[in-house]
Amino acid sequence: ETVVYVAGSLAATGQTIGKAILGLLVVDAEGDRLRGRQAALRTLVFPINFVLFGVGFLLGLVRRDRREFHDLVAHTAVIYAWDAKTAQLRGDDERV
């Protein structure tokens, strides 16, 4: 179920609910819209980072482009996608 939710959400919108709240968007490594095959591959490879004792996640700390193992395999990248709707969801409106 989780794999279908994550891969489906990423393929449809480039975001899961959590990524939308944080203002993040998963795109193709060139910045194009994510394809279904990429979303599925990224989702299936993600758990391998845990099997590798987190080394796959640590790649994001040392790479200039911040791409982690699952991003490299699926040819994807995570970008900031702030807009007014995201700011409203986070409560960042100007009335503060």
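The values are calculated or read from the model by the stated rules, or taken from the named source; none is laboratory data. Everything numeric here is computed off the predicted structure, so don't read it as measured data. Positions of Cβ are generated from backbone atoms using ideal geometry, with glycine treated the same way; all protein chains shown enter the neighbour counts. Accessible surface is based on the protein model in full, side chains and every heavy atom, while ligands, DNA and RNA are left aside. Shrake-Rupley method; radii C 1.70, N 1.55, O 1.52, S 1.80 Å.
Loop only by DSSP, 10 or fewer other Cβ within 10 Å of the Cβ. Give me the chymotrypsin sites (Phe, Trp or Tyr not before Pro) in the stretch 50-84 that pass, ordered by residue number.
Within the stretch 50-84, the qualifying chymotrypsin sites (Phe, Trp or Tyr not before Pro) (loop, at most 10 other Cβ atoms within 10 Å) are Phe53.
So how far apart, in nm, are the two label points at Ile17 and Arg63 if each is 7 Å from Cα heading toward Cβ?
2.9 nm
Could you list the trypsin sites (Lys or Arg not before Pro) in the stretch 47-76 that lie in coil according to DSSP, counting only those with at most 14 other Cβ atoms within 10 Å of their Cβ?
Arg63, Arg64, Arg66
For the chain, what is the calculated [θ] at 222 nm in deg cm²/dmol (nearest 500), taking -39500 (n - 2.57) for each run of four or more DSSP H residues and dividing by its residue count?
-14500 deg cm²/dmol
Among Val78, Phe57, Ala20, whose Cα projects farthest towards the positive end of the dipole of the chain, with charges put on the beta-carbon of Lys, Arg (+1) and Asp, Glu (-1)?
It is Phe57.
For the chain, which whole percent of the accessible surface, found with a 1.4 angstrom probe, sits on carbon and sulfur atoms?
62 percent
Using percent of Cα pairs over 23 Å apart as the read-out, say which of (i) 28; (ii) 36; (iii) 15 was calculated from these coordinates.
(i)
Given Cα pairs under 8 Å that are at least 6 residues apart, what percent is the relative contact order of the stretch 8-89?
36 percent
How would the stretch 1-42 be classified by its alpha-carbon gyration tensor: rounded, prolate or oblate, with rounded meaning a/c under 1.5 and the a/b versus b/c comparison settling the rest?
Because a/c hits 1.5 or more and a/b fails to exceed b/c, the stretch 1-42 counts as oblate.
What order do Val45, Val62, Val3 take when sorted by accessible area (1.4 Å probe), most exposed first?
Val62, Val3, Val45
Which FRET efficiency value, to the nearest 0.05, is calculated for Phe53 and Asp28 with the Förster distance at 35 angstrom and r the Cβ-Cβ distance?
0.80
Around Ala39, with a cut-off of 14 angstrom between Cβ atoms, what is the net charge of the other residues, counting Lys and Arg +1 and Asp and Glu -1?
+2
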